[in-house]
2 protein chains.
Amino acid sequence: MIMKLAIDKARDTMMKDYGGPFGAVIVKDDKIISVASNTTLKDKDPTAHAEINAIRDACKKLNTYDLKDCILYVTGYPCPMCISAIIWANIKEVYYGTTLKDAAEIGFRDDFIYNFIRNGNTGEVLNISRLDRDECLKLLEEYKNNNKTIY
Amino acid sequence: MIMKLAIDKARDTMMKDYGGPFGAVIVKDDKIISVASNTTLKDKDPTAHAEINAIRDACKKLNTYDLKDCILYVTGYPCPMCISAIIWANIKEVYYGTTLKDAAEIGFRDDFIYNFIRNGNTGEVLNISRLDRDECLKLLEEYKNNNKTIY
């Protein structure tokens with residue numbers, strides 16, 4: 001059972017206080033490419049979720065930013081950061097264990113962030129304002145005009 | 001103008017083919033903590049957006065996973081991965097330059113991923129299925145029972 005690798009990794013690192021109780025495995029062509037877990041506390045990195053760590057590690061090992069033929073197994077339903085990273089990485093197949101509600105019940109904010117994105121920003125969580133659009137827009141025009149890569 | 005630091009960094013690295021035309025700056029107590037840009041292509045890392053790079057760098061420099069008193073400036077409206085990372089990092093104040101529509105017009109998928117999250121998964125983008133919930137749920141129970149940190 002592939003999920004067991006993710007569970008064992010998560011259990012090991014959560015007991016060492018590396019981060020939350022979440023593990024992930026990336027598989028390609030029936031081979032295990034990466035086994036990772038949440039290391040937010042150890043690495044002092046709020047982006048070091050199990051899926052992000054697994055994606056970064058798999059990309060390094062496969063020498064690509066495109067994981068289109070990979071399958072991701074993760075012990076908990078991905079938060080919006082991770083689900084977006086999965087889409088950016090072109091992963092198309094994901095298996096998850098626990099639900100967002102399960103994680104919320106022990107205090108994690110995954111569900112809360114989904115609601116933030118779905119319901120729009122009321123300003124209570126985040127003050128986000130537009131600034132210097134014209135100057136920033138030039139960057140996009142230059143990128144397009146120079147035929148740079150879209151990924 | 002703080003945004004200019006983000007713009008200049010983005011222009012420099014996009015011209016070197018390091019990644020997309022996006023830059024970010026993190027400020028704390030009127031001091032520049034981090035200036036970063038998208039390095040997806042150079043680092044072969046789909047998570048290496050300007051905001052993620054800036055957050056990771058600022059956390060390293062400030063030796064914390066909690067950026068609660070920091071302000072983020074970013075040349076383009078954050079994608080769902082980055083907006084979630086901003087919330088996980090407890091950043092409360094963000095200034096952005098271009099809109100999601102501006103980025104979509106040169107081919108980036110930020111807007112597409114927002115729609116994916118808002119409209120629910122129809123299976124065309126991602127096949128995501130539940131697996132081994134009971135085993136995974138034990139992790140959450142163990143985490144809670146061991147009074148581990150919620151971040």
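The values are calculated or read from the model by the stated rules, or taken from the named source; none is laboratory data. A quick note: this is a predicted structure, and the numbers were derived from the prediction, not measured. So basically every Cβ, Gly included, is an ideal-geometry build from the backbone, and we count neighbours across all protein chains shown. Side chains are part of the model used for accessible areas, which takes the heavy atoms of the whole protein and leaves out ligands, DNA and RNA. Shrake-Rupley method; radii C 1.70, N 1.55, O 1.52, S 1.80 Å.
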For the interface of chains A and B, what total accessible area is buried with a 1.4 Å probe, rounded to the nearest 100 Å²?
8300
Given R₀ = 22 Å, what would the calculated FRET efficiency be for residue A:16 paired with residue B:145, taking r from the Cβ atoms and rounding to 0.05?
0.85
Might you tell me the accessible area per residue for chain B, computed with a 1.4 Å probe and given in Å²?
43
Which far-off residues, 5 or more places away or on another chain, put their amide H under 5 Å from the one on residue A:95, with H placed in the peptide plane?
A:72, A:73, A:74, B:129
When Rg is the radius of gyration of the Cα atoms in chain B and Rh is its Kirkwood radius, what does Rg/Rh come to?
1.04
Taking region B:52-138 and dividing mean pair separation by its residue count, relative contact order in percent (alpha carbons under 8 Å, at least six apart)
25
Net charge over other residues, Cβ less than 14 angstrom from the Cβ of residue A:35 (K, R count +1; D, E count -1):
+4
Got a sec to turn the phi values of region B:77-83 into Karplus ³J(HN,Hα) couplings, 6.51 cos²θ - 1.76 cosθ + 1.60 with θ = phi - 60°, whole Hz, x for Gly and Pro?
4, x, 5, x, 4, 6, 5
What is the percent carbon and sulfur in the accessible area of chain B, measuring with a 1.4 Å probe over the protein chains and ignoring ligands?
44
For residues of B:30-37, the mean tally of beta carbons on other chains within 10 Å
0
